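Structure first, then comments.
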Amino acid sequence: MEAHEFSGERQELRVTFDEDAELYERARPRYPPSLVAELGRVIGAAPGVRVLEIAPGTGQLTVDLAGSGCAVTAVEMGPSMAAVARRRLAGFPEVEVVTAVFEEWELPPEPFDAVVCATAFHWIDPALRVTKPARALRPGGLLAVVTTHHVAGGTEDFFADVQECYERWDPATPPGLRPSPESAVATDTAEFAGSPYFTDVTVHGHAQEITYRTRAYLDVLLTYSNHRALPEPARAGLLADIRRLIDSRYDGVVTKRYWHELITAVRVGETGG
(Lines give C-alpha, C1' and ligand atoms only; values in the text may rest on other atoms or scores of the structure.)
Protein backbone atom coordinates (compact mmCIF):
# COMPACT_ATOMS: atom_id res chain seq x y z
CA MET A 1 0.00 0.00 0.00
CA GLU A 2 1.05 3.59 -0.57
CA ALA A 3 1.05 6.26 2.11
CA HIS A 4 -0.91 9.34 1.12
CA GLU A 5 -2.37 12.46 2.64
CA PHE A 6 -5.75 13.82 1.74
CA SER A 7 -7.84 16.40 3.57
CA GLY A 8 -10.31 15.01 6.07
CA GLU A 9 -13.10 17.17 4.66
CA ARG A 10 -12.65 15.76 1.15
CA GLN A 11 -12.44 12.25 2.51
CA GLU A 12 -15.76 12.77 4.29
CA LEU A 13 -17.41 14.26 1.22
CA ARG A 14 -16.35 11.53 -1.17
CA VAL A 15 -17.81 8.78 1.01
CA THR A 16 -21.26 10.40 0.90
CA PHE A 17 -21.89 8.86 -2.53
CA ASP A 18 -22.06 5.41 -0.95
CA GLU A 19 -24.89 6.38 1.41
CA ASP A 20 -27.59 5.67 -1.17
CA ALA A 21 -26.11 3.73 -4.06
CA GLU A 22 -29.50 2.75 -5.47
CA LEU A 23 -30.51 6.42 -5.73
CA TYR A 24 -27.19 7.22 -7.41
CA GLU A 25 -27.75 4.44 -9.93
CA ARG A 26 -31.29 5.57 -10.67
CA ALA A 27 -30.77 9.33 -10.76
CA ARG A 28 -27.33 10.09 -12.17
CA PRO A 29 -27.34 10.89 -15.89
CA ARG A 30 -25.58 8.56 -18.31
CA TYR A 31 -22.88 9.91 -20.59
CA PRO A 32 -23.72 11.15 -24.09
CA PRO A 33 -23.47 8.44 -26.76
CA SER A 34 -21.01 10.62 -28.67
CA LEU A 35 -18.63 10.65 -25.71
CA VAL A 36 -18.96 6.90 -25.14
CA ALA A 37 -18.24 6.27 -28.83
CA GLU A 38 -15.21 8.56 -28.81
CA LEU A 39 -13.85 6.93 -25.66
CA GLY A 40 -14.19 3.49 -27.24
CA ARG A 41 -12.39 4.70 -30.34
CA VAL A 42 -9.44 6.34 -28.60
CA ILE A 43 -8.75 3.42 -26.26
CA GLY A 44 -9.25 0.91 -29.07
CA ALA A 45 -12.02 -0.83 -27.12
CA ALA A 46 -12.20 -4.48 -28.18
CA PRO A 47 -11.90 -7.95 -26.69
CA GLY A 48 -8.52 -8.38 -25.04
CA VAL A 49 -7.98 -4.68 -24.30
CA ARG A 50 -7.20 -4.29 -20.57
CA VAL A 51 -8.83 -1.30 -18.88
CA LEU A 52 -8.48 -0.04 -15.32
CA GLU A 53 -11.43 2.11 -14.29
CA ILE A 54 -10.99 4.31 -11.22
CA ALA A 55 -14.09 5.05 -9.11
CA PRO A 56 -16.74 3.54 -11.40
CA GLY A 57 -19.57 4.26 -8.98
CA THR A 58 -22.45 1.98 -9.88
CA GLY A 59 -20.96 1.21 -13.29
CA GLN A 60 -22.61 3.74 -15.61
CA LEU A 61 -19.60 3.88 -17.92
CA THR A 62 -18.31 0.42 -17.04
CA VAL A 63 -21.29 -1.19 -18.75
CA ASP A 64 -20.35 0.53 -22.01
CA LEU A 65 -16.70 -0.52 -21.70
CA ALA A 66 -17.74 -4.08 -20.91
CA GLY A 67 -20.12 -4.14 -23.85
CA SER A 68 -17.21 -3.53 -26.20
CA GLY A 69 -15.50 -6.67 -24.93
CA CYS A 70 -12.78 -4.97 -22.88
CA ALA A 71 -11.40 -6.73 -19.82
CA VAL A 72 -12.16 -4.18 -17.10
CA THR A 73 -10.85 -3.96 -13.56
CA ALA A 74 -13.03 -1.38 -11.77
CA VAL A 75 -11.79 -0.10 -8.41
CA GLU A 76 -14.58 1.43 -6.31
CA MET A 77 -14.12 2.52 -2.69
CA GLY A 78 -17.80 2.43 -1.71
CA PRO A 79 -19.03 -1.07 -0.80
CA SER A 80 -22.65 -0.25 -1.63
CA MET A 81 -21.73 1.32 -4.96
CA ALA A 82 -19.50 -1.64 -5.77
CA ALA A 83 -22.33 -4.06 -4.96
CA VAL A 84 -24.66 -2.30 -7.40
CA ALA A 85 -21.92 -2.28 -10.05
CA ARG A 86 -21.35 -6.02 -9.62
CA ARG A 87 -25.06 -6.64 -10.06
CA ARG A 88 -25.20 -4.55 -13.22
CA LEU A 89 -22.09 -6.20 -14.63
CA ALA A 90 -22.88 -9.78 -13.67
CA GLY A 91 -23.27 -10.75 -17.33
CA PHE A 92 -19.72 -9.71 -18.22
CA PRO A 93 -17.17 -12.31 -17.09
CA GLU A 94 -14.26 -10.11 -18.20
CA VAL A 95 -15.17 -7.43 -15.63
CA GLU A 96 -13.95 -7.43 -12.04
CA VAL A 97 -15.24 -4.88 -9.53
CA VAL A 98 -12.79 -4.43 -6.66
CA THR A 99 -13.85 -2.73 -3.44
CA ALA A 100 -10.82 -0.64 -2.48
CA VAL A 101 -9.55 2.92 -2.13
CA PHE A 102 -7.64 3.54 -5.36
CA GLU A 103 -4.82 5.38 -3.63
CA GLU A 104 -4.20 2.34 -1.40
CA TRP A 105 -4.90 -0.41 -3.94
CA GLU A 106 -1.90 -2.44 -5.03
CA LEU A 107 -1.41 -2.34 -8.80
CA PRO A 108 -1.23 -5.72 -10.54
CA PRO A 109 2.08 -6.61 -12.20
CA GLU A 110 0.70 -6.59 -15.75
CA PRO A 111 0.15 -3.05 -17.06
CA PHE A 112 -3.13 -1.85 -18.54
CA ASP A 113 -3.83 -0.56 -22.03
CA ALA A 114 -6.04 2.24 -20.69
CA VAL A 115 -6.92 3.89 -17.40
CA VAL A 116 -10.33 5.57 -17.28
CA CYS A 117 -11.87 7.83 -14.62
CA ALA A 118 -15.28 9.44 -15.17
CA THR A 119 -16.51 12.38 -13.08
CA ALA A 120 -14.36 11.31 -10.14
CA PHE A 121 -10.81 12.39 -10.94
CA HIS A 122 -11.13 15.48 -8.73
CA TRP A 123 -11.81 13.20 -5.74
CA ILE A 124 -8.50 11.35 -6.12
CA ASP A 125 -5.56 12.48 -4.00
CA PRO A 126 -3.66 15.03 -6.15
CA ALA A 127 -0.37 13.54 -5.03
CA LEU A 128 -1.22 10.24 -6.76
CA ARG A 129 -3.90 10.82 -9.35
CA VAL A 130 -1.47 11.31 -12.25
CA THR A 131 1.52 9.28 -11.10
CA LYS A 132 -0.34 6.13 -10.08
CA PRO A 133 -2.29 5.81 -13.37
CA ALA A 134 1.06 6.32 -15.13
CA ARG A 135 2.50 3.39 -13.21
CA ALA A 136 -0.55 1.31 -14.13
CA LEU A 137 -0.20 1.91 -17.89
CA ARG A 138 1.99 0.32 -20.51
CA PRO A 139 4.05 2.71 -22.65
CA GLY A 140 1.69 4.07 -25.29
CA GLY A 141 -1.31 3.33 -23.10
CA LEU A 142 -4.01 5.94 -22.67
CA LEU A 143 -5.25 7.86 -19.64
CA ALA A 144 -8.84 9.01 -20.24
CA VAL A 145 -10.54 11.36 -17.78
CA VAL A 146 -14.15 12.49 -18.13
CA THR A 147 -15.20 15.71 -16.41
CA THR A 148 -18.79 16.90 -16.00
CA HIS A 149 -19.84 20.54 -15.70
CA HIS A 150 -23.23 22.10 -15.07
CA VAL A 151 -23.45 24.94 -17.59
CA ALA A 152 -25.75 27.67 -18.81
CA GLY A 153 -28.63 26.43 -20.94
CA GLY A 154 -31.77 24.43 -20.49
CA THR A 155 -34.41 26.22 -18.40
CA GLU A 156 -32.23 29.26 -17.80
CA ASP A 157 -34.80 31.27 -15.80
CA PHE A 158 -35.11 28.43 -13.32
CA PHE A 159 -31.38 28.37 -12.62
CA ALA A 160 -31.52 32.10 -11.90
CA ASP A 161 -34.59 31.80 -9.67
CA VAL A 162 -33.33 28.78 -7.73
CA GLN A 163 -30.36 30.72 -6.37
CA GLU A 164 -32.70 32.40 -3.90
CA CYS A 165 -33.40 28.96 -2.44
CA TYR A 166 -29.69 28.20 -2.08
CA GLU A 167 -28.89 31.59 -0.57
CA ARG A 168 -31.69 31.04 1.97
CA TRP A 169 -30.59 27.59 3.12
CA ASP A 170 -26.86 27.35 2.37
CA PRO A 171 -24.76 30.25 3.71
CA ALA A 172 -21.81 29.16 1.57
CA THR A 173 -23.67 30.04 -1.64
CA PRO A 174 -22.06 33.01 -3.43
CA PRO A 175 -24.64 35.77 -4.02
CA GLY A 176 -26.01 35.92 -7.55
CA LEU A 177 -24.34 32.69 -8.64
CA ARG A 178 -25.23 31.61 -12.19
CA PRO A 179 -24.21 28.67 -14.37
CA SER A 180 -21.24 29.49 -16.59
CA PRO A 181 -21.23 29.07 -20.38
CA GLU A 182 -19.38 26.08 -21.82
CA SER A 183 -16.60 28.34 -23.06
CA ALA A 184 -15.79 29.36 -19.47
CA VAL A 185 -15.57 25.95 -17.80
CA ALA A 186 -12.68 24.24 -19.56
CA THR A 187 -10.82 21.84 -17.26
CA ASP A 188 -7.26 22.85 -16.41
CA THR A 189 -5.08 20.19 -18.05
CA ALA A 190 -1.78 21.50 -16.68
CA GLU A 191 -1.21 18.49 -14.43
CA PHE A 192 -1.39 16.20 -17.48
CA ALA A 193 0.55 18.43 -19.85
CA GLY A 194 3.19 19.12 -17.19
CA SER A 195 3.69 15.50 -16.23
CA PRO A 196 6.85 13.75 -17.46
CA TYR A 197 4.80 10.55 -17.81
CA PHE A 198 2.29 11.78 -20.41
CA THR A 199 2.20 13.43 -23.82
CA ASP A 200 -0.35 14.29 -26.52
CA VAL A 201 -2.97 15.75 -24.18
CA THR A 202 -6.28 16.31 -25.97
CA VAL A 203 -9.69 17.59 -24.88
CA HIS A 204 -13.02 17.08 -26.63
CA GLY A 205 -16.36 18.39 -25.36
CA HIS A 206 -19.77 16.74 -25.50
CA ALA A 207 -23.01 18.48 -24.47
CA GLN A 208 -26.34 17.05 -23.45
CA GLU A 209 -29.57 18.45 -22.06
CA ILE A 210 -31.81 16.36 -19.83
CA THR A 211 -35.39 17.22 -18.91
CA TYR A 212 -36.52 16.31 -15.41
CA ARG A 213 -39.82 16.20 -13.64
CA THR A 214 -39.70 17.59 -10.10
CA ARG A 215 -39.05 14.34 -8.23
CA ALA A 216 -36.36 13.23 -10.65
CA TYR A 217 -34.59 16.59 -10.39
CA LEU A 218 -34.60 16.44 -6.60
CA ASP A 219 -33.21 12.91 -6.79
CA VAL A 220 -30.31 14.18 -8.89
CA LEU A 221 -29.57 16.87 -6.32
CA LEU A 222 -29.44 14.22 -3.61
CA THR A 223 -26.56 12.51 -5.43
CA TYR A 224 -24.34 15.60 -5.10
CA SER A 225 -21.95 15.63 -2.16
CA ASN A 226 -22.49 19.30 -1.30
CA HIS A 227 -26.26 18.73 -0.97
CA ARG A 228 -25.82 15.56 1.07
CA ALA A 229 -23.37 17.35 3.36
CA LEU A 230 -25.89 20.03 4.37
CA PRO A 231 -27.40 19.65 7.85
CA GLU A 232 -30.68 17.78 7.61
CA PRO A 233 -32.95 20.81 8.39
CA ALA A 234 -31.19 22.93 5.76
CA ARG A 235 -31.28 20.14 3.17
CA ALA A 236 -34.96 19.47 3.77
CA GLY A 237 -35.79 23.18 3.59
CA LEU A 238 -33.77 23.63 0.40
CA LEU A 239 -35.39 20.68 -1.37
CA ALA A 240 -38.87 21.79 -0.28
CA ASP A 241 -38.26 25.27 -1.67
CA ILE A 242 -36.92 23.89 -4.95
CA ARG A 243 -39.92 21.57 -5.23
CA ARG A 244 -42.32 24.49 -4.78
CA LEU A 245 -40.40 26.59 -7.30
CA ILE A 246 -40.48 23.93 -10.03
CA ASP A 247 -44.12 23.02 -9.44
CA SER A 248 -45.42 26.58 -9.16
CA ARG A 249 -43.44 28.43 -11.83
CA TYR A 250 -42.26 25.72 -14.22
CA ASP A 251 -45.21 23.33 -14.40
CA GLY A 252 -43.19 20.57 -12.72
CA VAL A 253 -40.54 20.30 -15.46
CA VAL A 254 -37.01 21.73 -15.87
CA THR A 255 -34.20 21.07 -18.33
CA LYS A 256 -30.55 20.99 -17.25
CA ARG A 257 -27.55 21.32 -19.55
CA TYR A 258 -24.36 19.32 -18.96
CA TRP A 259 -20.96 19.76 -20.58
CA HIS A 260 -18.70 16.71 -20.51
CA GLU A 261 -15.04 16.82 -21.47
CA LEU A 262 -13.04 13.77 -22.51
CA ILE A 263 -9.40 14.45 -21.64
CA THR A 264 -6.84 11.98 -22.94
CA ALA A 265 -3.09 11.65 -22.52
CA VAL A 266 -0.63 9.05 -23.83
CA ARG A 267 1.80 7.28 -21.51
CA VAL A 268 5.46 7.76 -22.40
CA GLY A 269 8.59 5.99 -21.24
CA GLU A 270 8.67 2.83 -19.16
CA THR A 271 5.99 1.68 -16.73
CA GLY A 272 6.97 1.81 -13.10
CA GLY A 273 8.29 5.36 -13.50
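The values are calculated or read from the model by the stated rules, or taken from the named source; none is laboratory data. The model shown is predicted, which means the values in this text are computed figures rather than measured ones. Glycine gets a Cβ as well: all are built from the backbone with ideal geometry, and neighbour counts include every protein chain shown.
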Qualifying residues in the range 177-206 (those that are more than 22 Å from Thr255 (Cβ to Cβ) and assigned to a loop (DSSP other than H, G, I, E, B)) - the one farthest from the chain's Cα centre (by Cα): Pro196
Tally, over the range 131-147, of residues that are surrounded by fewer than 20 Cβ atoms within 10 Å (Cβ to Cβ) and β-branched (Val, Ile, Thr): 1
Condition check for Val97: buried (at least 22 other Cβ atoms within 10 Å of the Cβ), farther than 20 Å from Thr131 by Cβ and touching a Leu at 6+ places or on another chain (Cβ under 8 Å): yes
Cβ pairs under 8 Å, 6+ apart, first in the range 172-190 and basic (Lys, Arg), second assigned to a helix (DSSP H, G or I) and surrounded by 13 or more Cβ atoms within 10 Å (Cβ to Cβ): Arg178/Phe159; Arg178/Ala160; Arg178/Gln163
Test: residue in the range 182-191 that is over 27 Å from Leu128 (Cβ atoms) and β-branched (Val, Ile, Thr): no
Top-ranked residue of the range 226-273 - restricted to ones that are surrounded by 15 or more Cβ atoms within 10 Å (Cβ to Cβ) and among the polar types (S, T, N, Q), ranked as farthest from His206 (Cα to Cα): Thr271
Qualifying residue in the range 51-65 (condition: surrounded by fewer than 24 Cβ atoms within 10 Å (Cβ to Cβ), modelled with pLDDT of 95 or more and over 28 Å from Tyr212 (Cα atoms)): no
Residue within the range 207-224 that is outside any loop (DSSP other than H, G, I, E, B), without any contact (Cβ under 8 Å) to a residue 40 or more places away in the chain and of a type in the set (Lys, Arg) present: yes
Every residue from the range 135-170 that is polar (S, T, N, Q) and in contact with a strand residue (DSSP E or B) (Cβ under 8 Å, 6 or more places away or on another chain): Thr147, Thr148, Thr155
